1. Provide the net charge surrounding E410, with neighbours chosen by a C-beta distance below 11 Å and charges set as Lys +1, Arg +1, Asp -1, Glu -1.
2. Return the loop-located GluC sites (Glu not before Pro) in region 129-219 (DSSP other than H, G, I, E, B) with at most 11 other Cβ atoms within 10 Å of their own Cβ; answer none if there are none.
3. Just to compare against my own numbers: the Cα pair-distance distribution for region 419-517, 5 Å bins, whole % per bin, please.
4. Ignoring ligands and nucleic acids, what accessible area does D398 show with a 1.4 Å probe (Å², nearest 10)?
5. Using DSSP to define loop residues, name the trypsin sites (Lys or Arg not before Pro) in region 58-122 whose beta-carbon has at most 16 other beta-carbon atoms within 10 Å.
6. Before I look further, what does region 385-494 give for accessible area per residue, probe 1.4 Å, in whole square angstrom?
7. For region 400-416 and region 502-575, what is the centre-to-centre distance using only Cα atoms, to the nearest Å?
8. Over region 38-100, with the other protein chains present, what is the accessible area per residue in square angstrom, probe 1.4 angstrom?
Amino acid sequence: MYLQVNMLQIRKLYSDPAVFDAIPFLPGVNLILGEPSEGSAKTNGVGKSIAIEFLNFALLSKYSSSRVKKIPKEVVPLDVEICVDLLIGSQEVTIKRVRGEENRPTILVNGNLFEFAKLEDAHSFLGNLLFEGSEATHPSFRSMLGILLRDERSEFKSIVNGYDTTLKISDDYAPHLYLLGVDISRYKKIKILQKEASDLRQKVKEYEKSVMLLRQKKIDDARADLNELDAEVSIIEQDIENLENTKSYDALEAEMQELDEAILERRRQSAIILDKISRLEPIEVERVEISTEELSEYYNDLKAGLGDLVAKDFDELQAFKAKIYRFQDGVLRKRRESLERSLKEVKDALRVMDKEYQKKLRLLDQGGALKALKQTFATYQEKADQLADLRSFISGHDGAVSQRREKLLEKDTEVQRLQVSIDQANRIKSSFEGTILDIHNFVMGNRQAAFHIETVDKAQVVDITLRIDSDGSHSVEREKTFIYDFSLLTNESTGERHFGLLVHDNIFEVDSDTLKRSLDFIAQHAPALQGQYILTLNSDRASSDAPDAMKALAGCVRARFTKQSRFLKKKYQEE
């Protein structure tokens with residue numbers, strides 16, 4: 001179900017603080033002119049295109065590819081607000097954006113402020129305002145502006161793609177299909193399925209590369225290796241089972257396990273004994289030696305005769321202390337000797353056990369079982385790893401191929417459904433083609449033109465073809481884009497889904513006759529134009545080739561720029 005979208009009308013482009021003069025816009029035709037001046041007859045480089053770049057920036061274009069990014073901050077400081085006043089349906093909207101925080105615009109709707117931390121959120125917000133009440137799947141806000149506000153650097157080579165040709169942006173048919181009344185949910189689903197199929201194709205290539213690294217073979221040849229490896233691993237598994245189930249092997253394995261446990265216990269005992277021995281080491285304490293004579297002399301100085309008595313008692317005390325030291329040393333020596341005997345017994349037992357273990361090990365190796373088991377297990381592990389890897393790669397490859405086949409089948413089904421939707425929109429297509437023929441007849445002097453849309457078995461999914469008289473030249477390609485865009489704007493059927501806005505920057509770099517006829521057509525239809533058409537022109541050539549049309553459009557001029565009166569008021573070099 002398609003409902004009429006809200007129209008988008010630009011009212012004013014300005015900055016805060018003012019680094020350029022505000023440009024007001026009205027419904028209908030709006031001209032921005034580059035004019036010669038007394039000091040220079042040149043009309044290029046005066047600011048027409050950069051004014052449109054600022055308008056596009058204010059309408060939330062991608063900053064990284066905008067010429068606005070290249071303007072020196074001395075000319076336009078990074079904190080200057082670039083503003084655009086809009087009317088969306090009946091709602092008054094103002095968008096404010098600064099270069100220093102280009103991803104954080106603010107939007108006022110009827111005086112209510114909305115701040116955004118991400119540019120994508122602001123895009124969605126404006127899309128909701130424009131497609132308010134629409135139940136149909138619709139293109140994004142910026143996707144629509146891609147063909148309504150074409151970049152001059154697109155060179156107008158394609159009616160489908162309005163972006164700078166150097167950016168190599170893929171064609172997006174969604175806005176075209178939407179304007180022509182086609183259900184774009186099919187188209188969007190097809191693009192998703194194409195992406196999924198492409199991702200699966202990449203996975204298939206990765207699996208094929210992994211198989212080549214593992215087996216040095218293509219995956220189809222490696223399938224035979226998978227079967228052979230599977231058989232080899234099964235045989236080795238049986239050999240291992242046979243080796244492990246022999247009676248002699250079981251008996252020896254049990255005895256060796258018991259020895260392992262006994263050896264471990266003896267080593268633990270040895271460690272405990274060594275720890276106890278280390279704790280018996282005496283602790284050295286610093287002592288101050290005082291002789292009996294020194295003590296006697298000290299006390300005699302204090303009191304005659306008292307020192308001799310103290311010296312005698314001190315000698316007896318030292319003799320007693322010596323007896324204690326001798327007793328303590330005797331106890332420690334006996335304890336140490338006991339622990340060392342125990343340690344020797346443990347070590348002797350360990351040596352016996354180690355010899356017994358080695359003996360059993362030699363017996364088992366002489367039988368060949370353990371060696372064979374070790375070798376067989378190593379071979380098994382290698383083969384099993386290769387088998388697991390190869391099986392995983394081939395299984396993953398086949399799974400990805402199967403999934404991709406399903407995605408492509410689903411895509412083909414959706415393409416058929418999309419074609420049905422295109423066929424069902426034939427009434428709108430016929431009406432639109434009629435508008436193209438009317439404009440073509442006025443501009444080219446005949447109705448030798450044709451418009452066709454159909455699905456194709458290519459990545460683009462859809463092919464939109466517009467043929468006009470003398471098709472192929474640079475001048476004619478630009479004129480073709482003008483006819484196509486203006487038809488979308490003014491056709492009754494496509495106009496129901498159109499934003500009602502069209503911006504062309506320097507589109508009329510065409511031959512003089514085509515320029516005259518085109519401007520005559522615009523001048524004649526300007527009074528009845530329901531939408532808004534913004535056009536930049538070099539006034540000297542336009543006035544020379546189409547004087548009557550420029551005279552009729554004089555009231556549509558919104559800004560004039562010259563070498564002395566530039567849009568940004570300064571001469572600068574883009575960075």
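The values are calculated or read from the model by the stated rules, or taken from the named source; none is laboratory data. Keep in mind that this is a model prediction, so the values were computed, not measured. Here Cβ is always computed from backbone atoms with ideal geometry, including for glycine, and neighbour counts include all displayed protein chains. Side chains included, ligands, DNA and RNA excluded: accessible areas come from the protein's heavy atoms. Shrake-Rupley method; radii C 1.70, N 1.55, O 1.52, S 1.80 Å.
1. Working: positive: K189, R404, R405, K407, K411, R417; negative: E196, E406, D412, E414.
Summing Lys and Arg as +1 and Asp and Glu as -1 gives +2.
2. Passing both the DSSP loop test and the Cβ count: E135.
3. All Cα pairs, binned at 5 Å, distribute as 2, 12, 21, 23, 20, 14, 6, 2, 0 percent.
4. Accessible area, nearest 10 Å²: 60 Å².
5. On the way: sites: K62, R67, K69, K70, K73, K96, R97, R99, K118; in loops: K62, K73, K118.
Taking region 58-122 and a limit of 16 other Cβ atoms within 10 Å, the loop trypsin sites (Lys or Arg not before Pro) found are K62, K73, K118.
6. Details: 5170 Å² over 110 residues.
Result: 47 Å² of accessible area for each residue.
7. The distance from the Cα centre of region 400-416 to that of region 502-575 comes to 49 Å.
8. Ligands and nucleic acids excluded, the result is 39 Å² per residue.
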